[in-house]
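Engineer: Got a structure for you, questions after.
The values are calculated or read from the model by the stated rules, or taken from the named source; none is laboratory data. Worth saying up front: this structure is predicted, and the values here are computed from it rather than measured. Please note that ligands, DNA and RNA were not included when accessible areas were found on the heavy atoms of the full protein model with its side chains. Shrake-Rupley method; radii C 1.70, N 1.55, O 1.52, S 1.80 Å.
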Amino acid sequence: MAATWINLVGLAAAVCSMASFIPQIAKIVRERDASAVSLRMYLVTVTGFVFWIAYGVLIGSWPVAASNAVTLMLSAIILILKWRLDGAEAS
């Protein structure tokens with residue numbers, strides 16, 4: 001398989017992974033409710049993205065590191081919204 005097609009598959013995977021978090025962020029912001037979000041799941045997800053970034057850096061693959069840095073940021077936004085909104089409900 002030509003390197004161009006391999007890179008396009010990787011790019012498509014990265015875009016889909018990054019874009020998958022945007023609807024959840026939009027829903028949380030729009031409804032001001034993160035009660036349906038699993039805190040444990042997002043803690044594990046954020047931890048996984050940290051490891052993916054480290055892996056990308058260690059193997060010298062900036063696309064792996066950069067795309068996972070974006071997904072880390074997006075999943076961290078969801079985690080922060082979860083903490084803020086759940087904390088606001090408790091007070």
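Engineer: Rounding to the nearest 10 and keeping the result within 0 to 90°, find how far the Cα-based axis of helix 22-31 lies from the longest principal axis of the chain.
Structural biologist: Roughly 10 degrees, rounded to the nearest 10.
Engineer: Taking all protein chains together and a probe of 1.4 Å, list 70, 9 from the most accessible to the least accessible. Don't skip to the answer; put the middle values down first.
Structural biologist: Details: 70 55, 9 95 Å².
Of 70, 9, the descending order of accessible area is 9, 70.
Engineer: At 222 nm, what helix-only mean residue ellipticity would the chain give, in deg cm²/dmol to the nearest 500, using -39500 (n - 2.57) for each DSSP H run of four or more?
Structural biologist: Working: 4 runs with 76 residues, N = 91.
Estimated from H runs of four or more residues: -28500 deg cm²/dmol.
Engineer: Same structure again: Residue by residue through the range 4-9, what is 3J(HN,Hα) from phi via Karplus (6.51 cos²θ - 1.76 cosθ + 1.60, θ = phi - 60°)? Round to whole Hz and write x for glycine and proline.
Structural biologist: 4, 5, 4, 5, 5, 5
Engineer: By how many degrees, 0 to 90 and rounded to 10, does the Cα axis of helix 39-58 deviate from the longest principal axis of the chain?
Structural biologist: The angle comes out at about 30 degrees.
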